[in-house]
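**Q** The structure that follows is given in the form of structure tokens.
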Amino acid sequence: MKTKPDTKNRFVIIMAGGRGERFWPVSRETMPKQLLTLLGKRSFLQQAVDRVLPLVPAKNIFVITNEAQLPEVRKQLPNIPKANLIAEPIGRDTCAAVTLGAALVGARSTTGVMAVLPADHVIPEEKKFQQVLSDAFNLASRGQAIITIGIKPTDPVTGYGYIRVGEALPPPQGMKAYKTVFHRAEQFVEKPHFDKALEYVNSGQYRWNAGMFVWSFVTITEGLQKHQPEMYAACQRWFKVVNKPAKLAKVLAKEYPDIKKISIDYALMEHAQNVIVADGAFEWDDLGSWTALARHLKADPEGNCAVADFIHVDAARNIIYDARTKDRRTPIAVVGLRDSILVQTDDAVLLAHRSQAQKVKELVRKLGEDTRLKKLV
């Protein structure tokens with residue numbers, strides 16, 4: 001008879017503190033990408049929680065966000081205990097968030113296994129994702145493995161980091177093979193230029209680094225102790241106060257500004273010798289910009305993707321998004337416009353060339369520096 005996995009010792013940390021500036025003007029400081037409903041009827045954060053609920057009880061799901069976003073996170077996730085929704089006082093990149101997550105899990109169970117997942121990814125094939133995550137939980141609970149989920153690249157994207165993988169690993173002794181293929185990680189590679197990315201895709205030896213990790217509390221704290229002793233010391237201090245929310249908030253407010261700002265990839269993954277890559281054999285998109293959203297929208301015969309009352313003459317390959325409140329929406333009429341992004345909200349309009357979609361982040365910075373326009377950030 002098949003035994004059901006022990007879910008009470010599994011935990012999920014969802015990192016939801018990002019600003020998602022490339023989705024301006026819909027995305028704002030208090031309502032960033034992960035809290036928006038751009039695809040489907042649930043926000044990306046809600047979808048991230050829905051995906052893991054079959055594997056992990058709600059009381060074992062933690063969301064790490066920031067002060068500005070906490071009220072909306074609470075509103076969107078009424079079934080997650082309030083104490084599990086934690087606001088970082090200041091953004092300190094992913095290593096600090098992982099360290100805080102480890103303290104939260106360790107206080108509940110020092111034998112716990114945790115997955116660290118972003119809040120803003122699009123994963124249409126939920127069942128396939130759940131299979132990979134379940135196998136990764138199982139493998140992580142058996143030893144000292146740091147597991148990262150790598151996505152098989154479909155095209156030479158230059159905006160992602162890559163991981164070179166070794167041979168497929170055999171299953172643990174005396175165990176039936178997992179449905180997921182696991183590899184030893186051989187090298188983490190920064191975002192490559194196009195020719196290199198093409199080489200990586202064609203070789204079949206590389207995976208996209210999706211920023212999804214699974215490890216036991218013991219493994220992550222040992223990794224921090226070895227490679228980031230200051231983070232390890234912080235984890236030990238926070239571990240003692242995480243069950244007292246008011247005290248934790250006080251300690252974090254005092255200590256966070258001095259914490260080193262570093263990603264978990266630089267801090268740990270690139271140094272550790274025990275990293276294993278799980279093949280993420282499911283459809284995945286980290287949805288980094290308006291052009292990425294178009295991949296998930298139905299196009300008209302001319303290649304225009306519109307979420308709007310849209311009419312055009314001789315327009316092609318545009319992305320049109322009307323986010324105004326219902327009573328303010330009017331038809332958007334376009335003539336001769338090509339390869340552009342047009343986004344309208346109640347208080348702002350964005351018009352950009354598709355090839356410049358990444359520069360929206362630069363625009364947001366500029367808005368923040370202008371006293372008249374600061375309120376739009």
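**Q** Inspect the range 252-263 for any residue being farther than 26 Å from Lys82 by Cβ, of a type in the set (Ser, Thr, Tyr), out of contact with any Leu (no Cβ under 8 Å at 6 or more places or on another chain) and buried (at least 21 other Cβ atoms within 10 Å of the Cβ) and give the result as yes or no.
**A** no
**Q** A follow-up question, please. Evaluate the following for Gly40: is it assigned to a loop (DSSP other than H, G, I, E, B), under 19 Å from the mean Cα position of the chain (by Cα) and not β-branched (Val, Ile, Thr)? Even if it seems obvious, please write down each step before you answer.
**A** Details: assigned to a loop (DSSP other than H, G, I, E, B): yes; under 19 Å from the mean Cα position of the chain (by Cα): yes; not β-branched (Val, Ile, Thr): yes.
Yes.
**Q** Within the range 53-104, how many residues turn out to be hydrophobic (A, V, I, L, M, F, W, C), buried (at least 17 other Cβ atoms within 10 Å of the Cβ) and in a loop (DSSP other than H, G, I, E, B)?
**A** Residues in the range 53-104 being hydrophobic (A, V, I, L, M, F, W, C), buried (at least 17 other Cβ atoms within 10 Å of the Cβ) and in a loop (DSSP other than H, G, I, E, B): 4 in total.
**Q** Okay, next question. If we scan the range 48-61, do we find a residue that is polar (S, T, N, Q) and touching a Leu at 6+ places or on another chain (Cβ under 7 Å)?
**A** Scanning the range 48-61, I find no residue that is polar (S, T, N, Q) and touching a Leu at 6+ places or on another chain (Cβ under 7 Å), so the answer is no.
**Q** Could you count how many residues in the range 19-37 are among the hydrophobic types (A, V, I, L, M, F, W, C), crowded, with 21+ Cβ neighbours inside 10 Å and either closer than 14 Å to Gln358 by Cβ or at pLDDT below 95 (or both)?
**A** 2
**Q** Out of everything in the range 249-265 that is out of contact with any Phe, Trp or Tyr (no Cβ under 9 Å at 6 or more places or on another chain) and either free of Cβ contacts under 8 Å to residues at least 24 places away in the same chain or assigned to a loop (DSSP other than H, G, I, E, B) (or both), what residue ends up being farthest from Gly161 (Cα to Cα)?
**A** Among them, the one singled out is Lys250.
**Q** Is it the case that the range 365-374 has a residue that's under 18 Å from Gly288 (Cα atoms), modelled with pLDDT of 95 or more and surrounded by 16 or more Cβ atoms within 10 Å (Cβ to Cβ)?
**A** The answer is no, given that none of the residues of the range 365-374 is under 18 Å from Gly288 (Cα atoms), modelled with pLDDT of 95 or more and surrounded by 16 or more Cβ atoms within 10 Å (Cβ to Cβ).
A quick yes/no check of all residues on (1) assigned to a loop (DSSP other than H, G, I, E, B); (2) modelled with pLDDT under 95; (3) closer than 30 Å to Phe182 by Cβ; (4) within 22 Å of the chain's Cα centre (by Cα):
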| residue | (1), (2), (3), (4) |
| --- | --- |
| Gln273 | yes, yes, yes, no |
| Ala278 | no, no, yes, yes |
| Gly288 | yes, yes, yes, yes |
| Ala292 | no, yes, yes, yes |
| Ile311 | no, no, no, no |
| Val334 | no, no, no, no |
| Val343 | no, no, no, no |
| Leu351 | no, no, no, no |
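**Q** Moving on to the next point. Would it be correct to say that Asn304 is within 28 Å of Val157 (Cα to Cα), modelled with pLDDT of 95 or more and out of contact with any Ser or Thr (no Cβ under 7 Å at 6 or more places or on another chain)?
**A** Criteria met by Asn304.
**Q** Contact list please: Cβ distance under 6 Å, first residue in the range 112-126 and surrounded by 24 or more Cβ atoms within 10 Å (Cβ to Cβ), second residue part of a loop (DSSP other than H, G, I, E, B), pairs at least six apart or on different chains.
**A** Taking only residues 6 or more apart or on different chains, the pairs are Val113/Ser141; Ala119/Ala16.
**Q** Within the range 207-228, can one find any residue that is closer than 25 Å to Leu55 by Cα and among the basic types (Lys, Arg)?
**A** Yes, some residue in the range 207-228 is closer than 25 Å to Leu55 by Cα and among the basic types (Lys, Arg).
**Q** Check whether at least one residue in the range 155-176 is farther than 23 Å from Ile264 by Cβ and among the β-branched types (Val, Ile, Thr), and report yes or no.
**A** No, every residue in the range 155-176 fails to be farther than 23 Å from Ile264 by Cβ and among the β-branched types (Val, Ile, Thr).
**Q** Quick one: Gln205 ticks every box in (1) without any contact (Cβ under 8 Å) to a residue 12 or more places away in the chain; (2) more than 27 Å from Asn9 (Cα to Cα) bar one, so which box is it?
**A** (1)
**Q** Further question on the same structure: Any residue at all in the range 212-229 that is modelled with pLDDT under 95, surrounded by 20 or more Cβ atoms within 10 Å (Cβ to Cβ) and closer than 25 Å to Ser141 by Cα? Full working, then the answer.
**A** In the first step, residues of the range 212-229 are kept if they are modelled with pLDDT under 95; the result is none.
No, that holds for no residue.
**Q** Same structure again: Tyr232 passes all but one of (1) part of a helix (DSSP H, G or I); (2) in contact with a Ser or Thr (Cβ under 7 Å, 6 or more places away or on another chain); (3) within 30 Å of Leu39 (Cα to Cα); which number fails?
**A** (3)
The values are calculated or read from the model by the stated rules, or taken from the named source; none is laboratory data. Quick caveat: nothing in here was measured; it's all calculated off a predicted structure. In this analysis, Cβ positions are derived from the backbone assuming ideal geometry, glycine residues included, and neighbour counts consider all displayed protein chains.
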